[in-house]
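Nothing in this text is a laboratory measurement; each read-out follows from the coordinates by a stated rule. These numbers were taken from a predicted model, which means no experiment stands behind them. Glycine also receives a Cβ, built like all others from the backbone with ideal geometry; neighbour counts cover every protein chain displayed.
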Amino acid sequence: MNRNRIAVLSAATVTVAALGLSGCGGDDRQADKPVTVPSTSAVVTTPAPPPAHPLPAPEALTGVLYRLADVNVPGAEKVGLVEQATPDDAEALDKFGRALADNGFTPLNFEATDLAWSENDSGNVIATVHVTAGEGDAPGQFTFPMEFTPKGPDWQLTRNTADMLLEMGAAAGGGQSEPATTPTPTP
């Protein structure tokens, strides 16, 4: 959405301003002073080789997202769709789906592209997920990188990605799943 564009433009503006300000000061250095650069050591790690089996079909990953967002699927049934989720997470998973629906972000359409094996977690898959939310003349659209982990023959959303999505859902719903009541003023 526009927030991503604004964040990128803001970061670019800060970078340009910092570079511009660095050229505005007086040059008190003497031309013959050598510049000393501190040395650092870096540890180079080699990413794990990709698994021998093929990447999953995009539909296997988007199916997880459709079920997580579906208000007709109880939270208890969504627990198995998120890595390391417990029955205690069922209520938050229910609230996520309700917040999407209550705020006009349904119906949702997911498209997973650019599937690749994770360089950090062997067996996990990273996908660029294009989300179209709502309907009408101007549905909301955004793209978000998501990570999935295998669970037997199926896939789960990684806990890290799920936590980010739940935070976004809570922010969209203002942290509430029911309409707020207007306080009555006292005379």
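Tabulated data for the structure shown
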quantity	calculated
Cβ crowding within 10 Å averaged over residues, with 57-63, 82-88 ranked highest first	57-63, 82-88
For region 58-172, alpha-carbon Rg over 2.2 N^0.38 Å	1.01
Column: log10 I(q)/I(0), Debye, Cα scatterers of region 58-102, q = 0.19, 0.20 Å⁻¹	-0.51, -0.56
